[in-house]
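Student: Take this structure, written in structure tokens, and hold onto it; I'll ask about it next.
The values are calculated or read from the model by the stated rules, or taken from the named source; none is laboratory data. Being a predicted model, the structure only gives us computed values, none of them experimental. Glycine also receives a Cβ, built like all others from the backbone with ideal geometry; neighbour counts cover every protein chain displayed.
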Amino acid sequence: MSEALYSYTVLIPAVLFISFLITGLFGGKMNPLISGFISTAAILFGLVVSYYTAYQYFIVDGLVEGAYPTHVAFDMVWLSFTSTLSINLGVLIDPISILLLVVVTTVSSMVHIYSFGYMKGEFGFARFYSFLSLFSFSMIGLVVASNLFEMYMFWELVGVSSYLLIGYYYQKPAAVNASKKAFIVTRFADFGFLTGMLLLAYFTGTFDLVALTDPNGLAIASAPVMGFMGLSVVTWAVGLIFIGGAGKSAMFPLHIWLPDAMEGPTPVSALIHAATMVVAGVYLVARLFPIYVFSAPDALEMVAIVGAFTSLFAAIIAVTQTDIKRVLAFSTMSQIGYMMLALGVSGYGGEAGTGYMASMFHLFTHAMFKSLLFLGAGAIIHAVHSNYMTEMGNLRKYLPITHITFLIAALAISGIYPMSGFFSKDEILVAAMANNPVYFWIEWAVAGLTAFYMFRLYFSIFWGEKREYEHTPHEAPLSMTIPLLLLAVASAVVGFIPFSQFVSSDSIPFDVHIHWNIAIPSLLIAAAGIGVAAFMYLKPSMTPDKVAGRLSRIYRLSYNKFYIDEIYLWFTHTIIFGIVSQAASWFDRHIIDGFLNGLASLTNVVSEKTKTLQSGQLQHYGIYMVSGVLALFLIFIYWIS
Amino acid sequence: MLADIPVEHYSYVALFVFFAGIYGFFTRKNMIAMLISIELILNAINLQFVAFNKYLYPDLMEGMIFSLFIIGVAAAEAAVAIAIIINVYRRLKTINIEKVNSMKY
Amino acid sequence: METIIFYMLAASIVIFSVLTVTTRLILRAAVYLLFTLLFTAAIYLMLNYQFLAAVQLTVYAGGIVILIVFSVLLTSHINDRLELESSGRRIAAGMVSLVGIILTTATIANANFAPVKTDALTMNTKAIGNALMSYGDNGYILPFEVISILLLAAMIGAIVIAKKR
């Protein structure tokens, strides 16, 4: 493990941070476009360095003793609690951190370029770019963190950046509420992360990720086996950490913030809520994967269950939504459920670790096509000035480039060969089948639903009814279409990368091949989904309404997102506000305030009584003084002798 | 002569006058009467110093010099006190000490 | 002989000091004060402190008491009877004084003072003058200078305070 190698990777977050400072502090005084250029230059620099690092790591340096080595490229002790327990700031280089570096910088660069066109003329253009720089800095910091606490710090920073970006249109009350909701829900989940992390550090004695995740290391083995309610302490710790990850990744039931977060500008949705921040939870579980797999298999089981449930849940809701960004948001939730499930069913080492590899692969491909979908949606919204697919139709004539790229992305997400989504989804289904066929069937159904709602979206926008638009929709400017094209190429081609040669659970490459006994059913159900969607939406017809009428109860449940928000609100108002808050505020007002007021009135009373001592009468003072002197005289001469 | 009168007797006299002065200081309402009581106190102290000097330290003159200075200081203090009393009389038209009480709560 | 004189003087001092603080006419109080000072000066003479007795008579009796009498003339009706103080005040002050006397006399009585038999110093004016002006161990030049400044300050202060505006 050489520390000097790859030490240039610390420049990536550093440059982004400097860009944030410059655009943040001076953005208001410069021409806004300059802020945009500085920020874009910083992220492109990061992109180049990430690709170079990936090239160096995978191609030039390659395998060391049969596995990809873990380097700590930069390390600095920041806060030291004991000789072994300290918070370091460092950069960790291993296959998944390089993967995420590439993903984050690529998507972020595309979003930076896209925003030149999308946010053009907006008030606060410079502010947007400085927030984008802040977010990129935080995300990259999170991804390359070498110390669990450092990861937590950047985790919180990412949450703050998300808050700032969702609430970008701060004059819209809906946006402000959405940003608050996102921040509060993720913060609440982060409490679980913090507790779990502290538990883990307390019992294993270290925050350092390399030490924690070393399968042969002492950190895991030295954690006492004692448990609480039947589960070992490590299970509790990583379970709590997973709750933090679930909040950030919008897993049920902490998913409520993600649909509302669509109030932010579309490039923000593409960057944060599709490709990067929401996968932070998945990355966290992947990072701590050896702990999960060896010491806390129960927690891993929970990860799988939550992932599977969320993917089904979100897919059902996505079927009925009419706001195109919300469809994409629920789709993101569903796909992240896939990633979590893949991690949950994975084993360790070689073929058994297929789930891990598949999860990371899906993360990569999903980032590409989901951000493409969002950016395309942005181009559509920009052209039509509306978010609702009920007001769109027949746009393929007006937006050709957007149309083609959107189609490629929709095929990718539905898992149609040869798009990238096919390969990654196939691996996930293989891993699911190997663990438990129930998971496989659930995910198979979800694949069908995914294809259905995705193509419902596609057909409603680009085919469907011929509408009269008030002003003719025009294709997006070049700054917006170039990222679309680049991402479309990526979505199509990336599937052919032999991913398992690079990323695997124990960093040792292994071979995979397409399991046709899994792939063919998944292709069939996807085709079926597309077919049904085409039947219902390709041409304007009454079929959707008839179907909705037949399944009206399910339709309403799905359309209202299963009333989860209402349940939370009811719980908050009736139980928390009504019972807990009432008691707490009564306590605060009567006992705490009463105590302090009592102190104050006591002081008042005492002072009223004793103020007469200062009567202004010289002779009173004299008597007090002489009495005091005599008393002292008595004490010193007679008592203390 | 000296041996017949023990030094404690001088002290008793001085102490009696001292406490009489203190009694007067606390009891009198007229400021000038208070001043007179203060002079009594100072005088008593002088007597005490001189007695100790004569009986216990006959080869030093510290006590007497100290008494000399006490007399000087008493004179100065009486002068300033009377100036203040006259000023107070001009303002308040009375020299009752109980009327001079504005520095209170 | 001298002891008798001493005890007579002591008794007079005590009586007159009590009278000073209990009389109801202010001029009488001043006069009783004068008597007290005179008898104290007599005791000084008995103890062979002639210079001190002279200073006491000149400054104390001759200066301060006159000053007091003048101020009495300036500020109050000389024949007014001073009002009697509240009995509570008198009892409190009496208690304090009584406790004080008891404590201090008890302390003095318990202390053993043995008169020292060394040679007495000659206390003539020349010796006093030398002492007041010399440096070193038995020199009192510093307090002398300081008190001259004090007197200056007092003089200026008194003039400024009592000035007519």
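Student: Name the residues in the range C:123-136 that are of a type in the set (S, T, Y) and either touching a residue at least 60 places away in the same chain (Cβ under 8 Å) or surrounded by 10 or more Cβ atoms within 10 Å (Cβ to Cβ) (or both), would you?
Tutor: Once the filter is applied, which keeps residues that are of a type in the set (S, T, Y) and either touching a residue at least 60 places away in the same chain (Cβ under 8 Å) or surrounded by 10 or more Cβ atoms within 10 Å (Cβ to Cβ) (or both), the range C:123-136 yields C:T125, C:S134.
Student: Taking the range A:340-357 as the search range and keeping residues that are of a type in the set (G, A, S) and in a loop (DSSP other than H, G, I, E, B), which one is surrounded by the fewest Cβ atoms within 10 Å (Cβ to Cβ)?
Tutor: Per the stated criteria, the residue is A:G349.
Student: Shifting gears a bit: Going through the range C:42-51 one residue at a time, which ones are more than 10 Å from every other protein chain (Cβ to nearest Cβ) and under 19 Å from B:P58 (Cα atoms)?
Tutor: Residues satisfying the conditions are C:L45, C:Q50.
Student: Follow-up. Against the conditions (1) assigned to a loop (DSSP other than H, G, I, E, B); (2) buried (at least 24 other Cβ atoms within 10 Å of the Cβ); (3) among the aromatic types (F, W, Y), where does A:Y417 fall short? Just the number, please.
Tutor: (2)
Student: Could you give me the residue pairs with C-beta distances under 6 Å whose first residue belongs to the range A:609-622 and is over 14 Å from B:N96 (Cα atoms), whose second residue is at pLDDT below 85 and exposed (fewer than 15 other Cβ atoms within 10 Å of the Cβ) wherever it lies, and which are 6+ apart or on separate chains?
Tutor: A:K611/B:Y105; A:Q614/B:K104; A:Q614/B:Y105; A:S615/B:K104
Student: Right, here's the next one. What do you reckon, is C:L52 touching a Lys or Arg at 6+ places or on another chain (Cβ under 7 Å) and surrounded by 16 or more Cβ atoms within 10 Å (Cβ to Cβ)?
Tutor: no
Student: Could you tell me whether C:A114 is facing chain B (nearest Cβ under 10 Å), touching a residue at least 40 places away in the same chain (Cβ under 8 Å) and either of a type outside the set (S, T, N, Q) or loosely packed, with under 15 Cβ neighbours inside 10 Å (or both)?
Tutor: Considered against the rule, which asks whether it is facing chain B (nearest Cβ under 10 Å), touching a residue at least 40 places away in the same chain (Cβ under 8 Å) and either of a type outside the set (S, T, N, Q) or loosely packed, with under 15 Cβ neighbours inside 10 Å (or both), C:A114 comes out as no.
Student: Pick from the range C:137-165 the residues that are more than 8 Å from chain B (Cβ to nearest Cβ) and under 19 Å from B:Y57 (Cα atoms): which of them is surrounded by the fewest Cβ atoms within 10 Å (Cβ to Cβ)?
Tutor: C:D137
Student: If you don't mind, another one. Scan the range A:3-43 for residues that are in a helix (DSSP H, G or I) and touching a His at 6+ places or on another chain (Cβ under 7 Å) and report the count.
Tutor: Going through the range A:3-43 one residue at a time, the tally reaches 3.
Student: Go over the candidates C:A92, C:A54 one by one and state the one that is out of contact with any Pro (no Cβ under 8 Å at 6 or more places or on another chain) and more than 10 Å from chain B (Cβ to nearest Cβ).
Tutor: C:A54
Conditions tested, residue by residue: (1) assigned by TED's automatic domain parsing to the domain that holds C:T20; (2) under 30 Å from B:D59 (Cβ atoms); (3) of a type outside the set (D, E, K, R).
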{"site": "C:I64", "(1), (2), (3)": "yes, no, yes"}
{"site": "C:S76", "(1), (2), (3)": "yes, no, yes"}
{"site": "C:A93", "(1), (2), (3)": "no, no, yes"}
{"site": "C:V99", "(1), (2), (3)": "no, no, yes"}
{"site": "C:T107", "(1), (2), (3)": "no, yes, yes"}
{"site": "C:A127", "(1), (2), (3)": "no, yes, yes"}
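Student: Just the residues that are of a type in the set (A, V, I, L, M) and facing chain B (nearest Cβ under 9 Å), please, taken from the range C:12-33.
Tutor: Scanning the range C:12-33 gives C:I13, C:V14, C:V18, C:V21, C:I26, C:A29, C:A30, C:L33.
Per-residue answers, yes or no, for (1) at the interface with chain C (Cβ under 7 Å from one of its Cβ atoms); (2) in contact with an Asp or Glu (Cβ under 8 Å, 6 or more places away or on another chain):
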| position | (1), (2) |
| --- | --- |
| B:M31 | no, no |
| B:I36 | yes, no |
| B:I41 | no, no |
| B:D59 | yes, yes |
| B:E62 | no, no |
| B:L68 | yes, no |
| B:A78 | yes, yes |
| B:A81 | no, no |
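Student: Here is a further query. Would you mind finding the one in A:V60, A:V107, A:V72 that is touching a residue at least 24 places away in the same chain (Cβ under 8 Å) and assigned to a helix (DSSP H, G or I)?
Tutor: Among A:V60, A:V107, A:V72, only A:V107 is touching a residue at least 24 places away in the same chain (Cβ under 8 Å) and assigned to a helix (DSSP H, G or I).
Student: Going through C:G136, C:G157, C:G100 one at a time, which residue ends up being over 19 Å from B:A51 (Cα atoms) and within 22 Å of the chain's Cα centre (by Cα)?
Tutor: C:G100
Student: Right, next: Would you check if there is a residue in the range B:9-19 being facing chain C (nearest Cβ under 7 Å), over 21 Å from C:N112 (Cβ atoms) and either surrounded by fewer than 24 Cβ atoms within 10 Å (Cβ to Cβ) or small (G, A, S) (or both)?
Tutor: Scanning the range B:9-19 turns up at least one residue that is facing chain C (nearest Cβ under 7 Å), over 21 Å from C:N112 (Cβ atoms) and either surrounded by fewer than 24 Cβ atoms within 10 Å (Cβ to Cβ) or small (G, A, S) (or both).
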